[in-house]
Amino acid sequence: MRHILKSQQFDRPCLDKLFQRASEHRKSFAKPRQHRSRGYFLQDRILVNLFWEPSTRTRLSFALAGLHLGMKVETTENAEEFSSTVKGGSLEDEIRVVSSYHPDVIVIRHKTEGAAERAAAVSQVPIINAGDGAGEHPTQGLLDLCTILWEKGYLDGWRVVIGGDLVKGRAVHSLVRLLAKCCENPSFIFVSPPSLRLNEDTKAYLRKQRVHFIETESTREALPAADVVYWTRVQLERYPEGERQRYEDLARQYAIGLEELELMPGDAVLMHPLPRNEEVSPDVDADHRAAYFRQAQNGMYVRMALLEWVLEE
Amino acid sequence: MRHILKSQQFDRPCLDKLFQRASEHRKSFAKPRQHRSRGYFLQDRILVNLFWEPSTRTRLSFALAGLHLGMKVETTENAEEFSSTVKGGSLEDEIRVVSSYHPDVIVIRHKTEGAAERAAAVSQVPIINAGDGAGEHPTQGLLDLCTILWEKGYLDGWRVVIGGDLVKGRAVHSLVRLLAKCCENPSFIFVSPPSLRLNEDTKAYLRKQRVHFIETESTREALPAADVVYWTRVQLERYPEGERQRYEDLARQYAIGLEELELMPGDAVLMHPLPRNEEVSPDVDADHRAAYFRQAQNGMYVRMALLEWVLEE
Amino acid sequence: MRHILKSQQFDRPCLDKLFQRASEHRKSFAKPRQHRSRGYFLQDRILVNLFWEPSTRTRLSFALAGLHLGMKVETTENAEEFSSTVKGGSLEDEIRVVSSYHPDVIVIRHKTEGAAERAAAVSQVPIINAGDGAGEHPTQGLLDLCTILWEKGYLDGWRVVIGGDLVKGRAVHSLVRLLAKCCENPSFIFVSPPSLRLNEDTKAYLRKQRVHFIETESTREALPAADVVYWTRVQLERYPEGERQRYEDLARQYAIGLEELELMPGDAVLMHPLPRNEEVSPDVDADHRAAYFRQAQNGMYVRMALLEWVLEE
């Protein structure tokens, strides 16, 4: 049984196949409806979206990926029912029960780091991790890498500037590890205020993989060297209420606007996992380097390929 | 690409065709299941319900309209995720992203006037406005007009008494403009307390179209002259908390009960967009003039016709 | 038109047929996908889940039961929209409207005892009660009985120990009445603190049916005599906030752990309607007598059979 729990579970050959398949899906939508053929081996299979945190975009991305493959989709965004009256152990019980209803795959999002692994340990069907707390968000990492491939033409040797919330940004953690593990010779410039620096865990991983990286507080110094710029939102909802204002003020100092855009090379690509706040100005949306909406769309193609991978026999 | 954004976008010939098609759908349900034929050109098309405000009836009306046409339906009622931590611009970003997942149509409901037009401006697929704040609710206007047609036999020359919340009632705005634009010689009597009078905008529109209307505070004076009585709920949720009690008290004075029913002509028709509060008493439900439940059902037939109209090639 | 409103509406011959059909469904999942045949007479029928209270497990159980039968499923967990601004009568109006959209069956869960009967009185399509307040939860009762059949081999003559919240536990009420009405010679030992004793209504019913029962506060005295042990959660959400702590403390004294398990006969079966709190320790999950996860799964098979029963022509 194949689960998708963390981005590092994939190796390069597997990624090459996945992105190839995602590309076929992308191309199929360019064809007239009657000429699309997606090899409906997933016809009438059932995908259950089990979300303890709402996330419209990610959830709909999986749902539409499933529907385009002929699957049926059932959803809950209220998995946290009775939260005030049922305590502890409910994740495992919930997965045991729902997986026993014979769905074909369960996609979960949960507030707690490690939730996806705990789910997989008791599930009768494959689990896909759609984000567990500040932990992993592997399908985001994969779609990010796929976007680098499609925007830049290949995956190896890029200088990647990553900015914003490097503490709580699980998308960052997944992408960094994926690049370090599966791509040749990446290097990183991490841009953040001191309080939002990359966690030691991920840095230790990079050192072990002998990946070059530097940390800076200056956006303006980092951007001119970038092949890829990956910017993120401060995950305010993961900080105590009392500290949010301080983090919001910080975020405003680390924003990408037209001035910052000018500092980027003409063939750089600007990515963001969305949703965004003020850290990427709508002024830059029209620039050809602004890839975040294409990136979001790529997510659906990658998830189509991942659903097929999980369910192939 | 066809959007449905406001009721005035339709002209009479288009309405005649739509209501004819809606009528065919209505009749198809009277047939045994195996004899129903709805020309399944929408088979497997995908409808996404993107609701920033919950609205069970409207949402299910679109969903079942879609399902009866063979479509697949995916929904969110939590489009406002992260409302406390993501600010500004999220409507446009959300529509850009969701419409890039290749649904066939997006139905949106939003708290903000003008949201549907903003959505249409950035969407890759057709947008249907299922209510944007105190703005428009065009499919409600269309189903109201269709109900007048089916209850009264034709559309022209009716005296329409409209009562209740004429300030925030978007259903009223949509219906009044639609009658003024597409029907011959309508006239209106608007019944409300002074604080809930029809907005100047809509009145100006009526004057421009040379449509006769009067305003009164007296339900009892208005009803005897009515061909159609359209009653509405005070939209308490659109007023500040502190003022709600006052509006509730007002609403109680403008209620339709058995006494008011007696004042209506025997061939009048009593409509209400639902949900209702105390402004229409359940006592009148059994009367043949009480058309609000038929009206709600007509909504689904009209939405079937509208989905076909939006997606026909 | 067939509704499912309360467990007592069924008689033994009907149950025998239902459980036989549920068993066929269970077996069908053991076969390879291409050899499953479920006699798709429900293909493309529409099930609407109308939930005024969220309940992930029950709702998904119905949804997947429907999907496995080829049905389409549409859901709302927000049926209580506008709760602060629309008052009274909304249940009936909602059912009138939604049932007029031509779904094939509506599954409702509601906070109020008697809601399902009120819904059935105005609905144009069959209603299935998925729990109405402290009232009934008939499909839970049926799946519980089916689990006793499948775990113990037959239905008659069992000594059933029922513990926990016997006041607000609607699952208990449904199961007790069902055993008393449809099975030969059942007997009960009810275990609870004095404040959570079985309601007089249900006890009167047992006396009328000449069913033997005793009440005790001692778990340890009751367990050695059990053929079936049915344990329940204190329904904290149905008690005033101020009393919850007291009930939680009580619940902790009436818990099943490894010590209690040792007191049960080796061929006893331990059931629980889930979700659970601390009243059944995860320590006992691995024991062969712990049947609650099988019980939850059986629920989906039973609901498949019930959907067929409701919609057969």
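Near residue C:204, within a Cβ-to-Cβ distance under 15 Å, what is the net charge of the other residues, with Lys and Arg +1 and Asp and Glu -1? Net charge in that neighbourhood comes out at +4. Relative to the Cα centre, the charge distribution of region B:208-308, modelled as +1 at Lys and Arg Cβ and -1 at Asp and Glu Cβ, gives a dipole magnitude of about 500 debye. Highest mobility in the GNM of chain A, judged by mean-square fluctuation with C-alpha springs under 10 Å and restricted to A:168, A:203, A:27, is found for A:27. Between the listed residues C:182, C:258, C:268, the Cα displaced farthest toward the positive end of the dipole of region C:138-295, a dipole computed from Cβ unit charges relative to the Cα centre, is found at C:182. Probing with 1.4 Å while keeping every protein chain in the model, the per residue accessible area of region A:169-313 equals 41 Å². Computed from point charges on the beta carbon alone (+1 for Lys and Arg, -1 for Asp and Glu), the dipole magnitude for the protein assembly as shown about its Cα centre is near 2540 Debye. In this assembly of identical copies, the label point of residue B:195 (Cα plus 7 Å along Cα-to-Cβ) is separated from its counterparts by 4.5, 4.5 nm, sorted shortest first. Distances between copies at residue C:20, taken between label points 7 Å from Cα along the C-beta direction, are 5.4, 5.4 nm in increasing order. For the protein assembly as shown, the normalised intensity computed at q = 0.11 Å⁻¹ comes to -1.38 (log10 of I(q)/I(0), Debye sum over alpha carbons, equal scatterers, no solvent). Among the GluC sites (Glu not before Pro) in region C:94-175, those located in a DSSP loop and surrounded by at most 15 other Cβ atoms within 10 Å of their own Cβ are C:113. With no solvent and one point per C-alpha, what does the Debye sum give as log10 I(q)/I(0) for region C:138-295 at q = 0.13 Å⁻¹? The calculated log intensity ratios at q = 0.13 Å⁻¹ are -0.54. Counting only other chain Cβ atoms within 10 Å of each residue's Cβ, the peptide A:292-301 averages 4.
Axis angle, to the nearest 10 degrees, between helix C:244-253 and the longest C-alpha principal axis of chain C: 50 degrees. Accessible surface comparison of C:285, A:249, A:93, probe 1.4 Å, protein chains only, largest first: the order is A:249, C:285, A:93. Residue-wise HN-Hα couplings along region B:176-191, as the Karplus relation 6.51 cos²θ - 1.76 cosθ + 1.60 with θ = phi - 60° gives them from phi, are 4, 5, 5, 4, 5, 7, 10, 10, 7, 6, x, 9, 10, 10, 9, 10 Hz; Gly and Pro carry x. Label point of residue B:216 (7 Å along Cα→beta-carbon): distances to the other copies' equivalent points are 7.7, 7.7 nm, sorted ascending. Considering only A:216, C:5, C:231, the residue lying farthest towards the positive end of the dipole of the protein assembly as shown is C:5, judged by Cα position with unit charges set on Cβ. Only protein heavy atoms count here, probed at 1.4 Å, and on that basis chains A and C bury about 2700 Å² of accessible area in total. Here the spin labels are modelled as points 7 Å beyond Cα on the Cα-Cβ line, and at residue C:221 and residue A:237 they lie 5.2 nm apart. Between 0 and 90 degrees, rounded to the nearest ten: what's the tilt of helix C:56-68 against the longest Cα principal axis of chain C? Once rounded, one gets 50 degrees. Taking the accessible area of region A:138-295, probe 1.4 Å, and keeping the other protein chains in place, the carbon and sulfur fraction comes to 46%.
In this structure, the amide hydrogen of residue B:75, modeled 1.01 Å from its nitrogen in the peptide plane, lies closer than 5 angstrom to those of B:49, counting only residues at least 5 positions away or on a different chain. Taking Cα atoms only, the orientation of helix C:12-28 departs from the longest principal axis of chain C by about 80 degrees. When only Cα pairs below 8 angstrom with a gap of at least 6 residues are kept, region A:138-295 shows a relative contact order of 25 percent. For residue B:290, the amide hydrogen comes within under 5 Å of the amide hydrogens of B:270, counting only partners 5 or more places away or on other chains and with H modelled in the peptide plane. Each residue, residue A:27 and residue B:121, gets one label point 7 Å from its Cα in the Cβ direction; the gap between the two is 3.7 nm.
Counting Cβ atoms of other protein chains within 10 Å of each Cβ in A:51-57 and taking the mean gives 5. Highest mobility in the GNM of chain A, judged by mean-square fluctuation with C-alpha springs under 10 Å and restricted to A:118, A:170, A:303, is found for A:118. Can you classify region C:261-313 as rounded, prolate or oblate using the Cα gyration tensor, where a ≥ b ≥ c are the square roots of its eigenvalues, rounded means a/c under 1.5, and otherwise it's prolate if a/b beats b/c and oblate if not? Prolate, since a/c reaches 1.5 and a/b exceeds b/c. Within region B:135-224, the chymotrypsin sites (Phe, Trp or Tyr not before Pro) that combine a DSSP coil assignment with at most 13 other C-beta atoms in a 10 angstrom radius are B:154. A Gaussian network model of chain C, with springs between Cα atoms under 10 Å, assigns the largest mean-square fluctuation among C:55, C:187, C:90 to C:90.
A Cβ-based charge dipole, computed about the Cα centre of region C:138-295 with Lys and Arg at +1 and Asp and Glu at -1, lands at about 740 debye.
Amide H contacts of residue A:105: A:46, A:48, each under 5 Å away and 5 or more positions distant or on a separate chain (H built 1.01 Å from N in the peptide plane; Pro and chain starts excluded). Partner shielding of B:127-140 amounts to 0, given as the average count of beta-carbon atoms from other chains within 10 Å of each residue beta-carbon. In chain C, helices alone account for a calculated mean residue ellipticity at 222 nm of -12000 deg cm²/dmol, with every DSSP H run of four or more residues adding -39,500 (n - 2.57).
In order along region C:2-10, the Karplus-derived 3J(HN,Hα) couplings, from 6.51 cos²θ - 1.76 cosθ + 1.60 at θ = phi - 60°, round to 9, 9, 10, 10, 8, 5, 6, 6, 8 Hz, and Gly and Pro are given as x.
The values are calculated or read from the model by the stated rules, or taken from the named source; none is laboratory data. In this text, all values refer to a predicted model and were calculated from it rather than measured experimentally. In this analysis, Cβ positions are derived from the backbone assuming ideal geometry, glycine residues included, and neighbour counts consider all displayed protein chains. Side chains are part of the model used for accessible areas, which takes the heavy atoms of the whole protein and leaves out ligands, DNA and RNA. Shrake-Rupley method; radii C 1.70, N 1.55, O 1.52, S 1.80 Å.
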